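The values are calculated or read from the model by the stated rules, or taken from the named source; none is laboratory data. Everything numeric in this text was worked out from a predicted model, so none of it was measured. When we count neighbours, we look across all protein chains shown, and the Cβ atoms used for this are built from the backbone with ideal geometry, even at glycine.
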Amino acid sequence: MALQSASLVSSAFIVHKEGKSSAAASFKDSSLFGVSLSDHVKADFTSSALRCKREFNARIGAVRAQTTATASPAVNRSAPEGKKTLRQGCVVVTGASSGLGLATAKALAETGKWHVIMACRDFLKAERAAKSAGMAKGSYTVMHLDLASLDSVRQFVESFRRSGRPLDVLVCNAAVYQPTAKEPTFTADGFELSVGTNHLGHFLLSRLLMDDLQKSDYPSKRLIIVGSITGNTNTLAGNVPPKANLGDMRGLAGGLNGLNSSAMIDGGDFDGAKAYKDSKVCNMLTMQEFHRRYHEETGITFASLYPGCIATTGLFREHIPLFRLLFPPFQKYITKGYVSEDEAGKRLAQVAADPSLTKSGVYWSWNKDSASFENQLSQEASDADKARKVWEVSEKLVGLA
Ligand code: LMG
Ligand code: NDP
Ligand code: PMR
């Protein structure tokens, strides 16, 4: 209850309909700076991190030559005293070259429990970013992925499979935001860039990688798709114009190509900020549709989240300089919705890997004390019919149906 009211206080501008704090309690006291790892994970961290690393390194030669289906079992009893040890997990993070993705990659790699595949469109930028973030060599692999090209998505999946690593967790994080664009630009396949990248690229990626996730024997397999408050019209932030609205999706059905169809999902005139918010609605709907279609059968956890307003990231690179100057102090001191990249990275790492956040179909948010709670999505972002329609239309667009 205390947590619940804290969340309401921290979100003075946000119209929460409901804020359950189920998993929150376990974090409030156990977390240092709201850190993503629960006490017991921290407690065995120092000893097991090194052990995990050694074991993984020793095995990796062999694993490379194997297929994912025959990779070492997730839990083995080879350790001294017959103690069960969990093998190092393998997590793919898209858009890990900056902002939230980089901070998440770092938070996961630092535990020693995860090998991070940084799936990025700019290989050199990602390598440099990992180095300057202080990520240990060997704790990550950069692999090329341009979500604005369906060919590139397919190639990424092939190269990932060739690497022989298992896929235990997939984090769909990358995004573009074009708030000042007057005209639409398009992906290699002719889709409006924001929805094409943020939604359709990730949709194909996660559909293709479902096979790999299903093959993994890791105890908690997850597919996480980053959402946002600005796509949710049950919040003040989601009511700042232009508002997200998928309408009857005639533009999406027409291929978002700006020629014989509108570049906008709802069929309206192009607006870059709206296209971004619409894409986030698609991300949140897709997560729920995955949950409905696959959770029971596969046990995979599907979740989305709003990590807080990370007002300093590259997401705002195309916004006017005045906005970039005023937005961080506005969020820090007025809305109090601001979080640092580090803190947001720990939050996403929590959703990707913390043993207590295994619930599927959830949209996570955090209160002022950095305690997680299951948040309520807007009516549109939780509309099951729209979710099914987004799924069905999207699978035609990316060539799956
Ligand atoms: C759209 O405009 C563009 O049209 C689109 O192309 C794209 O760029 C998009 O998201 C990107 O932005 C959006 C923006 C234009 O519209 C608004 O922001 C409308 C505001 C709607 C009103 C919201 C409710 C107001 C409640 C206010 C409570 C806030 C705290 C008050 C305390 C104030 C004390 C100083 O925006 C405009 O054209 C002008 C916006 C003017 C809104 C004034 C609201 C006052 C907020 C004070 C903020 C201080 C400065 C920080 C600003 C950075 C963030 C915007
Ligand atoms: P950044 O711009 O810092 O990071 C976005 C990442 O996506 C970058 O690594 C970028 O690569 C990558 N990316 C963009 N286009 C492509 C592409 N075609 N193929 C592959 N990767 C691509 O922004 P944030 O860290 O803020 O955004 C991360 C996520 O967080 C997004 O999903 C965003 O919607 C979400 N979010 C952000 C909030 C915020 O306040 N910042 C709030 C709520 C949600 P490159 O480095 O090469 O540009
Ligand atoms: Mg918003 C509780 C208030 C709150 C929060 C948490 C955000 C988050 N914003 C809030 C309020 C307001 N914003 C208000 C009152 C205004 C009018 C002044 C406002 C304006 C505003 C603009 C112009 N806000 C923005 C923009 C952007 O261009 C950002 C955006 O919409 O990107 C799509 C943005 C954001 N505000 C947020 C968050 C998290 C964003 C950024 C990105 C995102 O959703 O991923």
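Which members of region 85-130 meet the condition of being of a type in the set (Gly, Ala, Ser), within 11 Å of ligand 2 (Cβ to nearest atom) and in a loop (DSSP other than H, G, I, E, B)?
Passing the criteria: 95, 96, 97, 98.
Going through region 337-396 one residue at a time, which ones are of a type in the set (Ser, Thr, Tyr), touching a strand residue (DSSP E or B) at 6+ places or on another chain (Cβ under 6 Å) and closer than 30 Å to residue 256 by Cα?
Answer for region 337-396, where residues must be of a type in the set (Ser, Thr, Tyr), touching a strand residue (DSSP E or B) at 6+ places or on another chain (Cβ under 6 Å) and closer than 30 Å to residue 256 by Cα: just 363.
Condition check ((1) under 30 Å from residue 88 (Cβ atoms); (2) within 13 Å of ligand 2 (Cβ to nearest atom); (3) outside any loop (DSSP other than H, G, I, E, B)) across all residues:
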| site | (1), (2), (3) |
| --- | --- |
| 329 | no, no, yes |
| 332 | no, yes, yes |
| 359 | yes, no, no |
| 401 | no, no, no |
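Restricting to region 221-264, name every residue that is away from ligand 2 (no atom under 16 Å from the Cβ), at pLDDT 95 or above, outside any helix (DSSP H, G or I) and among the aliphatic types (A, V, I, L, M).
246, 249, 263, 264
From 260, 283, grab the single residue that is away from ligand 1 (no atom under 16 Å from the Cβ) and over 21 Å from the mean Cα position of the chain (by Cα).
260
Looking at residue 301 and the list (1) buried (at least 23 other Cβ atoms within 10 Å of the Cβ); (2) among the β-branched types (Val, Ile, Thr); (3) more than 12 Å from ligand 2 (Cβ to nearest atom), which single condition is not satisfied?
The failed condition is (1).
Output yes when any residue across region 122-142 is within 21 Å of residue 263 (Cβ to Cβ) and either modelled with pLDDT of 95 or more or touching a His at 6+ places or on another chain (Cβ under 6 Å) (or both), and no when none is.
no
If you scan region 114-134, which residues turn out to be surrounded by fewer than 22 Cβ atoms within 10 Å (Cβ to Cβ), out of contact with any strand residue (DSSP E or B) (no Cβ under 6 Å at 6 or more places or on another chain), more than 24 Å from residue 279 (Cα to Cα) and not hydroxyl-bearing (Ser, Thr, Tyr)?
Matches in region 114-134: 124, 125, 128, 131, 133, 134.
Can you name every residue in region 269-293 that is assigned to a helix (DSSP H, G or I) and more than 16 Å from ligand 2 (Cβ to nearest atom)?
Those that are assigned to a helix (DSSP H, G or I) and more than 16 Å from ligand 2 (Cβ to nearest atom): 288, 289, 290, 291, 292, 293.
Check 334, 320 and return the single one that is within 12 Å of ligand 1 (Cβ to nearest atom) and within 30 Å of residue 183 (Cβ to Cβ).
320
Output the number of residues of region 294-325 satisfying the condition of being assigned to a helix (DSSP H, G or I), more than 27 Å from residue 116 (Cα to Cα) and within 9 Å of ligand 3 (Cβ to nearest atom).
Total satisfying the criteria: 1.
Could you list all residues from region 131-184 that are of a type outside the set (Gly, Ala, Ser), free of Cβ contacts under 8 Å to residues at least 60 places away in the same chain, more than 30 Å from residue 230 (Cβ to Cβ) and in a loop (DSSP other than H, G, I, E, B)?
If the condition is that a residue be of a type outside the set (Gly, Ala, Ser), free of Cβ contacts under 8 Å to residues at least 60 places away in the same chain, more than 30 Å from residue 230 (Cβ to Cβ) and in a loop (DSSP other than H, G, I, E, B), then 137 is the only one that fits.
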